[in-house]
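The next block holds one structure in the form of structure tokens; read it before the comments.
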Amino acid sequence: MIRIIMHGCNGKMGQVITGIVAEDAQAEIVAGIDLYDGIQNTYPVFADIADCKVEADVIIDFSTAKAIDGLLDYALAKKLPVVLCTTGLSEEQLARVDMVAKEIAVLKSANMSLGINTIMKLLRDAARVFAPAGYDIEIVEKHHNQKLDAPSGTAIALADSINAAMDQQYEYIYDRSQRRQKRDKKELGISAVRGGTIVGEHEVIFAGTDEVIEIKHTAYSKAVFAKGAVEAGKFLAGKTAGLYNMNDVIS
């Protein structure tokens, strides 16, 4: 049984993870951390992680960037592995994550979905076949109208997966409205759509002569990210040091 501290337990993702873990015979949440106390949970909740004295095997974090410094301090002191799901970290915080990973195990990923991370592996293989054959590569991502950043971090991660498989790197193109020229073979277009309540949709297009291959992932709820985070927690528990990502989990 893996004992989890849920950092950001009363946020949307924290509550989804709480529900998933409640149905998982291999894991349990033994404590939560959240400033908001308006939700009743089956485990004790602390406003400050420094006050948490509950024994655990791993921390799963879905909180805010401003809470990460205290989280890392606590994890280092307790020698606890951390599944770090919070995005929008500063360059200084990212550098500190790298330093902390030399002493404890940290898993950080742009997207916690098992499906997205499996697709990243598929894209590396596909790029090695289609890119040398002259296929153009485009990525289209769609999200709800409340999302602030564009393109999504996941879209960039998909593009990075393709570039990781290539000897010559693609240039990412986000806007063609000012470009009066033919498409260059070494560009990779990334387009963002924002509307409604779309949870997340990512499509990678390999367009060749008289042939189009599309690899697509659609998230219908936040549960796909929560499930991936729980699986990452199981993977990370017991590990002592190192920086990991979801590719390590699915491998």
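Across segment 57-67, which residue is most open to solvent (accessible area, probe 1.4 Å) among those that are under 18 Å from residue 93 (Cα atoms) and touching a Lys or Arg at 6+ places or on another chain (Cβ under 9 Å)?
If we take residues in segment 57-67 being under 18 Å from residue 93 (Cα atoms) and touching a Lys or Arg at 6+ places or on another chain (Cβ under 9 Å), then 62 is most open to solvent (accessible area, probe 1.4 Å).
Filtering segment 68-98 down to residues that are modelled with pLDDT of 95 or more and among the small types (Gly, Ala, Ser), which residue is surrounded by the most Cβ atoms within 10 Å (Cβ to Cβ)?
75
Can you tell me which residue in segment 172-191 is nearest to residue 204 (Cα to Cα), limited to those that are under 30 Å from the mean Cα position of the chain (by Cα) and open to solvent by 100 Å² or more (accessible area, probe 1.4 Å)?
Looking at the filtered set, the residue picked out is 174.
Among the residues of segment 181-227, which ones are farther than 20 Å from residue 153 by Cβ and at pLDDT below 95?
Correct list: 181, 182, 183, 184, 185, 186.
Quick check, is residue 161 small (Gly, Ala, Ser), closer than 30 Å to residue 105 by Cβ and not in a strand (DSSP E or B)?
Yes.
Give the number of residues within segment 4-56 that are open to solvent by 40 Å² or more (accessible area, probe 1.4 Å) and either of a type in the set (Asp, Glu) or assigned to a strand (DSSP E or B) (or both).
Selection size over segment 4-56: 8.
Considering only segment 167-201, state which residues are part of a loop (DSSP other than H, G, I, E, B) and in contact with a helix residue (DSSP H, G or I) (Cβ under 8 Å, 6 or more places away or on another chain).
Passing the criteria: 169, 170.
Please go through segment 117-138 and give me each residue that is part of a loop (DSSP other than H, G, I, E, B) and either closer than 30 Å to residue 73 by Cβ or not hydroxyl-bearing (Ser, Thr, Tyr) (or both), ordered by number.
131, 132, 133, 134
Out of the residues in segment 99-116 meeting the condition of being part of a loop (DSSP other than H, G, I, E, B) and at pLDDT 95 or above, tell me which one is most open to solvent (accessible area, probe 1.4 Å).
So, considering only residues that are part of a loop (DSSP other than H, G, I, E, B) and at pLDDT 95 or above, the one most open to solvent (accessible area, probe 1.4 Å) is 102.
Anything in segment 201-210 that is surrounded by fewer than 18 Cβ atoms within 10 Å (Cβ to Cβ) and either hydrophobic (A, V, I, L, M, F, W, C) or touching a residue at least 24 places away in the same chain (Cβ under 8 Å) (or both)? List them, or say none.
Result: 201, 203, 205, 207, 208, 209.
Does residue 196 satisfy being over 17 Å from the mean Cα position of the chain (by Cα), surrounded by fewer than 16 Cβ atoms within 10 Å (Cβ to Cβ) and under 26 Å from residue 27 (Cβ atoms)?
no
For segment 228-251, which residues satisfy the criterion of being part of a helix (DSSP H, G or I), at pLDDT 95 or above and open to solvent by 30 Å² or more (accessible area, probe 1.4 Å)?
231, 234, 235 - these are the residues of segment 228-251 that are part of a helix (DSSP H, G or I), at pLDDT 95 or above and open to solvent by 30 Å² or more (accessible area, probe 1.4 Å).
The values are calculated or read from the model by the stated rules, or taken from the named source; none is laboratory data. Values in this document were obtained by computation on a predicted structure and should not be read as measured data. Every residue, glycine among them, receives a Cβ derived from its backbone with ideal geometry; neighbour counts consider all protein chains shown. Only protein heavy atoms, including side chains, enter the accessible area calculation; ligands, DNA and RNA are left aside. Shrake-Rupley method; radii C 1.70, N 1.55, O 1.52, S 1.80 Å.
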